[in-house]
Every structure is written in structure tokens, then in C-alpha cells.
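The structure under discussion appears below in the form of C-alpha cells.
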Amino acid sequence: MAEEVRAEMVANVWKVVVGVGDTVSAGDTLVILDSMKMEIPVLSEDGGRVAQIAVREGDVVQEGDLIALLDGLPAA
Amino acid sequence: MSLSTLERIDPRIPSARLTQFFDPDSFEPFTTADSSGVLAGKGTVDGSPVVAFATDATIQGGAMGRDGCARIVHAIEAAVRLDAPVVGIWHSGGARLQEGVASLDGVGRVFAATVRASGRIPQLSLVLGAAAGGAAYGPALTDIVLMGPDAKIFVTGPDVVRTVTGEDCTADSLGGADVHARRSGVVAITCDSDEAAIERTRRLCALLADQGEIGPVRDRDLGSLLPESPRRAYDVRPLVAGVLDGEVLELHPKWAPNIVTALGRLGGRTVGVVANNPLRRGGCLDAASAEKASRFVRMCDSFGVPLIVLVDVPGYLPGVGQEWEGVVRRGAKLLYAFSECAVPRVTVVTRKAYGGAYIAMNASCLGATAVYAWPTAEVAVMGAEAAVGILHRRTLAEVPAQRRSTVLAELTAEHARLVGGIDRAVELGVVDAVVTPADTRAVIASTLAGAPAGRGSHGNIPL
């Protein structure tokens, strides 16, 4: 199943940690946001293959903006 | 046909579900099974008395008639007399159409009985099938709602929605587990199987029915559960687990996840934990998280469950969205809930407590039993750098751009010295003592054990 990872709050994109095509596990950090004077990691909930990274470092994201799109991995 | 044969035929019949819920051989039905659509009785959970009722999904889809509703009212009143928790196992399409307004009257009586018992005995709802209309509000009035994998909760089903408004939806998109766990906040716990949902309901019953006394606690160094960088956000749930003995029952894990509410035990005694979660929304308080915490605090208070409040909060989430969502009105609930609390409640500031959110997280001014802080914690109106940005706006604007960061650092250090660190907060008495992460469990336990037992005298309105 595909996973849409969206911003939970207004923030600056500080670091993009993964790239398109990478395989991530549940709980892995995808990007790190900077908001409320904190570095806030954005994690994958289910894990999968990164199909799209919708932000670049330095971007400002609003609540609800798409950050990344993950494809589910085929069952082993 | 014997009962056991019937159970094998249809696991939805109330006697099957109630037998599965109670300790083995402990279920005593109040009546024989009949066509009323409800079976109720008493039994034990981990040895503690509990009352439970179940709607009968095999008769008219579990629809609630006058007689069935009277059984539920009787069960709730019996639980109050026994001073025992009452559990409702729901699978019902709502009021019986054939009975007309008589069934509506019955359903309303269930609501009123639930409210009369609210805050006096724990009321739990386990929804295992569709729960529509009256069968949705019945659970919603209780303290904790759990959902199995086939459960749906809605006021009106997808067919009616389609007929009346033309909106196209499925039972799942309307009232499935994911909707209620993440968006509506109706449901506190969702489970992948009916068995798991029944087991969780039993665990909650055991925690609330047999709260125990605080015994000795083993020390654990909780400091390693925080990241080294004070700027880095982290998941607070391992810290919550570290404070508690073992079992952690988190309520509403996916709704308003920037605050964690959980039941567990400390030194063997049932306690409630409220903790900011910096990983989600930076741990900010907002409209939904304040409301979630308020209801939890009032529930614990009404059942005499002491509270532990773990604070790492940068403030209230700023923005138009929050103001429009009523962060002022809904945030006020948390101030009210803590101020009203009669149960012992201990606050631990692990990293920071800023501004209005400092007050809302059970500050000493709201009547906290004690407020402790870890040695590096900050308690302030805002972070020093942000404060300097406001207090010295003009000075900073006047210095040349290349020197600005140096001046900002100097002014920040000076400001920090003037307002004082955690020592100043201790001097003022707003923090009772600085405790190390390694001593924290023991200090919380001895504070709670030494505080006079209290219990709020109020109901638990679904805030």
C-alpha cells in the first residue's frame, strides 16, 4: 500500500535524508524539519520504497503539504 | 441445542462474547437469554468483580428495543451498587424501528444511566461490529471506547448518507477504525483481532478495578532516553514506558499524537501518564491535544488514579488554523482539568517548559502535588534567544549584519543569567526540586505515596 507522508505543521525543510528509490523501514527518518527551534524528524509509518520526495532543503512546508510518497514493498 | 453448540455456530451471540471476556467459569448472567437483544451479567477479570452486557447481533442486527435497553440500565446500576467497572460489548444497528418511539425512549434511558454513573465507576465500551445511531452514542458517553477489526461507528450508515445528501462513502470511510483512531478521536484503542480487543479491555478493567498501593520501585536511568542535542525532537513513548513498571496502555495513540496519554503502574499502583511528544508537531500543545489530555486527566481524577506529567513543551502551536480550531476554548479545558484535579499529580520537566504551555502542563500554580525538573531543564516564558529577539529588537537592528550573531549570543547569555536557570525556578518555589533522571522514578513514587489520596467528585463528560 502506498504511504503519503505529509507535514504536520508549518516548518522549514532542513535536511532531506533519503532519495527516490531508497528502501526504508517503518520508523526510518525521511527528512528533518526545522520548526519551533527544533529539529523534527519525519518518519515513515509503514516503510517501503521512496517513490517521490516532494520537498527540497530550504523549502517552507505548510501543514498538510506532501513531503514524500512511498510505495509498499511486495510481500516477500 | 446446547449452548456450546450454539456458540460454535455463531460467535456473535452475547453468551459467547461474555464468556470469552470474563475469567474462566466466572460469568453469571442476570437473566436467561431471550429475544430482548441484550444479555448482561457479572463475573471477574483477574479476580476483580466486573459487570458486562452485550447486544445480540443475531437478533435484528442487535437493534435496541425497550426491554433490551432496560437490561443495560439495570447492568449499569448493578455495577454502581457493586462499585465495579461496567463493560458494554456493542454490535447494534441502533434503535428497533418496529418499536417506534418506545425504543428511542429506551435508548435515551441508557444514555441517562451512563451519565448518572459517569465518574463513579469506570465504563468501558468494546465495539466489535457495526454500532450505529444510539449504539454509537452509547459507547461515546463512556470513559474508554475500544474497537475490533470489524467494528464501525457512525450516526447514520452509508446507505442513509447516500439517500439523504447524495454523498458517496463506504462504512469504512465513514466510521471505520482508522477514521476514529486518527481523525475523530472517538476511539481510544483499535485492535487487529476481536481476541486482542477483548484482552485489552480486560487489561484496562484490571488497571481501574484493582489499583493497588505503591510499593518499592527499581531505579532506571531515564536520561539515556533523550537525544544528546537539546534541539533534536524524539519519541517520548520509550520515556513513558521507562517511568512505568512494564505494561503501558496508551489511549488515542494516533489522534493528537503530540501528547501521549497512557495508563500503567508505578511500583505496582495504577497511574496515568500525560507526556508531550516532541516527535509530533514538536510536542506543541494544540486544540486537539489539549482536549485529549483534558479528558484523560478528568477520567483519572474521577477514578482516583494519580497522574504523572512529563513535560517537554515549546509552547502552544501558533497559527491561523489553530485559532480557528478554537485553541483558546479547547486549550482552556486543560487549565480547567488540572486546576480541578483532586488526585495526586506530579510534574517532571525533562527539557523545557515555555510560556502558556508551561502553566497548562500541571504547573505548581495549578495545584500540582510537586514539580520536579531535570538538571538541564529550562522553565521560562520563552527560549532565551527568542526573548532577546523581542527585548533587544532595536539594538539588534542597529548592529551591522556581520556582528549580529555575536551580539545576539552575548545578549542571550546575559538574559539567561538575569532571568536565572532552573535554580531561580527552585528559589521561586515553582519547581520543588531538581532531580536526576536516575532518581526520577523513586522520587515520583515517594511523592505520590506520601500525598493524601484524593478523588475528584465529578463526571467524565466527553469533552
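A few remarks follow.
- Matching residues in segment B:110-132 - criterion: being in a helix (DSSP H, G or I) and either closer than 19 Å to B:GLN60 by Cβ or touching a Leu at 6+ places or on another chain (Cβ under 8 Å) (or both): B:VAL110, B:PHE111, B:THR114, B:VAL115
- Of all residues in segment B:375-395, those being in contact (Cβ under 8 Å) with a residue 60 or more places away in the chain and away from every other protein chain (no Cβ under 12 Å) number 2.
- Single unsatisfied condition, B:VAL107 versus (1) in contact with a helix residue (DSSP H, G or I) (Cβ under 6 Å, 6 or more places away or on another chain); (2) within 20 Å of B:LEU18 (Cα to Cα): (2)
- Being small (Gly, Ala, Ser) and closer than 24 Å to B:TYR316 by Cβ holds for only one residue in B:GLY283, B:GLY267, and it is B:GLY283.
- Pick from segment B:135-158, criterion more than 23 Å from the chain's Cα centre (by Cα) and under 17 Å from B:GLY62 (Cβ atoms), ranking: surrounded by the most Cβ atoms within 10 Å (Cβ to Cβ): B:GLY157
- Qualifying residue in segment A:14-25 (condition: surrounded by 14 or more Cβ atoms within 10 Å (Cβ to Cβ), of a type outside the set (A, V, I, L, M), over 14 Å from B:ALA233 (Cβ atoms) and within 13 Å of chain B (Cβ to nearest Cβ)): no
- Of all the numbered requirements in (1) within 14 Å of chain B (Cβ to nearest Cβ); (2) more than 26 Å from B:GLU385 (Cβ to Cβ), A:PRO41 misses one, and that requirement is (2).
- Residue check for A:ILE67: surrounded by 13 or more Cβ atoms within 10 Å (Cβ to Cβ), touching a helix residue (DSSP H, G or I) at 6+ places or on another chain (Cβ under 7 Å) and part of a strand (DSSP E or B): no
- Among the residues of segment B:1-42, the one identified as at pLDDT 95 or above, of a type in the set (Gly, Ala, Ser) and over 26 Å from B:GLY134 (Cα atoms) is B:SER26.
- Residue count for segment B:260-288 under the criterion of being within 21 Å of A:GLU39 (Cα to Cα) and under 10 Å from the mean Cα position of the chain (by Cα): the result is 1.
- None of B:GLY166, B:GLY133 is at pLDDT below 95 and closer than 30 Å to B:ASP83 by Cα except B:GLY133.
- Lone unmet requirement of (1) surrounded by fewer than 23 Cβ atoms within 10 Å (Cβ to Cβ); (2) more than 14 Å from chain A (Cβ to nearest Cβ); (3) out of contact with any Ser or Thr (no Cβ under 8 Å at 6 or more places or on another chain) for B:TYR316: (2)
- Residue match in segment B:237-251 (condition: under 25 Å from B:ALA377 (Cα atoms), basic (Lys, Arg) and out of contact with any Asp or Glu (no Cβ under 8 Å at 6 or more places or on another chain)): no
- Meets criteria (assigned by TED's automatic domain parsing to the domain that holds B:GLY65 and open to solvent by less than 40 Å² (accessible area, probe 1.4 Å)) for B:GLY166: no
- Taken over segment B:63-88, residues that are touching a Ser or Thr at 6+ places or on another chain (Cβ under 7 Å) and among the β-branched types (Val, Ile, Thr) amount to 2.
- Of everything in segment A:44-72 that is over 24 Å from B:LYS352 (Cβ atoms) and within 10 Å of another protein chain (Cβ to nearest Cβ), the residue that is nearest to the chain's Cα centre (by Cα) is A:GLU45.
- Selection count where residues are without any contact (Cβ under 8 Å) to a residue 40 or more places away in the chain, not aromatic (Phe, Trp, Tyr) and not in a loop (DSSP other than H, G, I, E, B), scope segment B:21-53: 10
The values are calculated or read from the model by the stated rules, or taken from the named source; none is laboratory data. Remember, it's a predicted structure, so these values are computed and weren't measured experimentally. In this analysis, Cβ positions are derived from the backbone assuming ideal geometry, glycine residues included, and neighbour counts consider all displayed protein chains. Protein only, heavy atoms only, side chains kept; ligands, DNA and RNA dropped before computing areas. Shrake-Rupley method; radii C 1.70, N 1.55, O 1.52, S 1.80 Å.
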